[in-house]
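The values are calculated or read from the model by the stated rules, or taken from the named source; none is laboratory data. Quantities reported herein were computed from a predicted structural model and do not represent experimental measurements. Remember, those area values only see protein heavy atoms, side chains included, never the ligands or the DNA or RNA. Shrake-Rupley method; radii C 1.70, N 1.55, O 1.52, S 1.80 Å.
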Amino acid sequence: MAVANFARTMAFAALGAIALGAALVPPVQATPVWMTEQAMRGAFIGKTLDGHYVSGERWTETYTGDGRLDYRESVRKGVGHWYFRGRVFCTFYDPGQGLNGGCFTAIQPSANCYEFYLAGLTAPEADGESAPGPLRTWVARAWRSGEPSTCEARPSV
């Protein structure tokens, strides 16, 4: 009988330790979810984003409600147009400005942080209704201008 009570006590102690350990382990990050067109429209259109490329180069871009955009960085600036192809957000610049643009998918890792992933350098490359592919490295990270960024780290370049 004493052996059975001891075994039962040890079993409860082990379960308690497992439960406590599980409570102390930080939650596993969920797989990021690609932003929908509706989510991107709400977050970007009619707003200005400040950001940086993976290289550290900082930029600012404003997206107006009429499909136009205004881009600025330290040595270049330009105007152009934006549009959506489902979950793909395309930004292209008017000729003669030395800027090309491209099409991107995005995730929102925190309240005011957006990571952009290259979907194609031309509109035809980004065509198609299929879901974006697996995450690679983001090419640009941004946040709404005038609000504190919630991106974890920004290069100090």
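What to note about this one:
- Whole-Hz ³J(HN,Hα) from phi, Karplus 6.51 cos²θ - 1.76 cosθ + 1.60, for the range 32-44, glycine and proline x: x, 9, 5, 5, 7, 4, 4, 5, 5, 4, x, 7, 10
- Heavy-atom accessible area order for Tyr63, Tyr83, largest first, 1.4 Å probe: Tyr83, Tyr63
- Amide H contacts under 5 Å for Arg85, placed H, 5+ residues apart: Cys90
- Nonlocal amide H pairs with Lys47, under 5 Å, H built at 1.01 Å: Tyr63
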